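Notes follow the structure.
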Amino acid sequence: MKIDIRNIPPEGLFREENIPPEELDPETEMVSLSGPVAVKARIFRIGDILDINAAVSAVLKLNCSRCLCDYSLPLAKAFRCDHRIESGEEEADLTPYVRDELMIDYPVKPLCNDNCKGLCRGCGADLNKGGCSCGATKEKTL
Ligand SMILES: [Zn+2]
Ligand SMILES: [Zn+2]
């Protein structure tokens, strides 16, 4: 998401853009995006600083750390940040700021549900779908 620094009107610049997941590339072992990230941003220039007010929404594709199922999590947030304009810089890229904001909100231990029962340690059955037959998880502490 590139902003032409030379053409920012005094009343601010409004930009709306969908950033494709491959441009953000926030993928970790556990997380990825299930579609583009919608960004709405208003940018003001104050001297050498770009004052960026943005709202982002995305759908995270997650993998539950207990039962290993795939699930999606809608994420919407607003943030504000500053970009310092280097001398000679004509274009500012907002994508890294968006990436940072998404990374902050990535769950470290994703859970499909707060009450997810996980998998049986004995037989690997998904305990959310009922009990298992091996009996290894009568009293399960996670
Ligand atoms: Zn789960
Ligand atoms: Zn079992």
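Read-outs throughout are calculated quantities, based only on the coordinates presented, and are distinct from any laboratory measurement. Since the structure is predicted, the reported quantities are computational estimates derived from the model, not experimental observations. Here Cβ is always computed from backbone atoms with ideal geometry, including for glycine, and neighbour counts include all displayed protein chains.
Using alpha-carbon positions, what is the distance between the centroids of the range 6-26 and the range 53-124, in Å?
Distance between centres, Cα-based: 19 Å.
Which value, in debye to the nearest 20, describes the size of the charge dipole of the chain about its Cα centre when Lys and Arg Cβ atoms bear +1, Asp and Glu Cβ atoms bear -1, and nothing else is charged?
Values: 18 positive and 24 negative charges, 225 e Å.
Roughly 1080 debye, rounded to the nearest 20.
Hey, what do the phi angles of the range 111-124 turn into as Karplus ³J(HN,Hα) couplings, whole Hz, using 6.51/-1.76/1.60 and θ = phi - 60°, x for Gly and Pro?
10, 5, 6, 4, 9, 3, 8, x, 9, 5, 5, x, 10, x
Straight-line reach from K40: which aspartates and glutamates have a Cα under 17 Å away, not including same-chain ones fewer than 8 places off?
Qualifying aspartates and glutamates at Cα under 17 Å: D4, E11, E16, E17, E23, D51, D82, D93, D100, E101.
List the aspartates and glutamates whose alpha-carbon lies under 19 Å from that of K117, not counting same-chain residues fewer than 8 positions away?
D70, D126, E139
Once amide H atoms are built 1.01 Å from N in the peptide plane, which residues 5 or more positions from R66, or in another chain, come under 5 Å H to H?
C112
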